[in-house]
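Quick note: the coordinates plus some simple rules give every number you see, no bench work behind them. Source: prediction; values computed, not measured. We place every Cβ from the backbone using ideal geometry, glycine too, and count neighbours over all the protein chains shown.
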Amino acid sequence: MATYLEVRQLFNDSDLLNKVTVAVVIAANNLLSGTPTAAEKAWAAEVFSRPGIAGKQAVMAVLAENNALSVAAIQGASDSAIQSGVNTVVSTLVDALAGV
């Protein structure tokens, strides 16, 4: 299990941030291909206009959800595992933007 200090340091892991940012863009695109709510459309718009910020927010949410993993497991996560982790927190991110 990663310590809280290690999780905090992972907030700035550039490789992890880059992977999660791509996963966020994919998640937003997939969301728009369905029947998105107004809040989901607003979140997707934020993702596409500021992917770096959206990626940073998603990194924090994904790490919060997976804090029981080791640093090595987090850093070694496959693209599909990262996408799955991002997909899991999308509703949280949408709600956070909407102020819910």
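Between beta-carbons, use under 13 Å as the cut-off and find the net charge around residue 42, counting Lys and Arg +1, Asp and Glu -1. Don't skip to the answer; put the middle values down first.
Numbers: positive: 41, 50; negative: 40, 46, 95.
Computed value for this residue: -1.
Using the crude model of +1 on Lys and Arg Cβ and -1 on Asp and Glu Cβ, and no other charge, please compute the dipole size for the chain relative to its Cα centre, in debye to 20. The partial results should precede the final answer.
On the way: 5 positive and 8 negative charges, 32 e Å.
With only Lys, Arg, Asp and Glu charged at Cβ, the dipole is about 160 debye.
Within 10 Å of each residue's Cβ, count the other Cβ atoms and sort 19, 41 from fewest upward. Each step should come with its number before you reach the end.
Numbers: 19 23, 41 14.
Ascending Cβ contact count within 10 Å gives the list 41, 19.
Which whole number in µm²/s is D for the chain by Stokes-Einstein, with the Kirkwood Rh taken over Cα pairs at 37 °C and 0.692 mPa s?
On the way: Rh = 13.5 Å.
Rounded to a whole number, D works out at 244 µm²/s.
Expressed as a rounded percentage, what relative contact order does segment 4-98 have, with Cα pairs under 8 Å and six or more residues apart?
Contact order relative to length: 40 percent.
Between residue 67 and residue 91, what is the label-to-label distance in nm when each label sits 7 Å out along the Cα-to-Cβ direction?
The answer from the label model is 2.1 nm.
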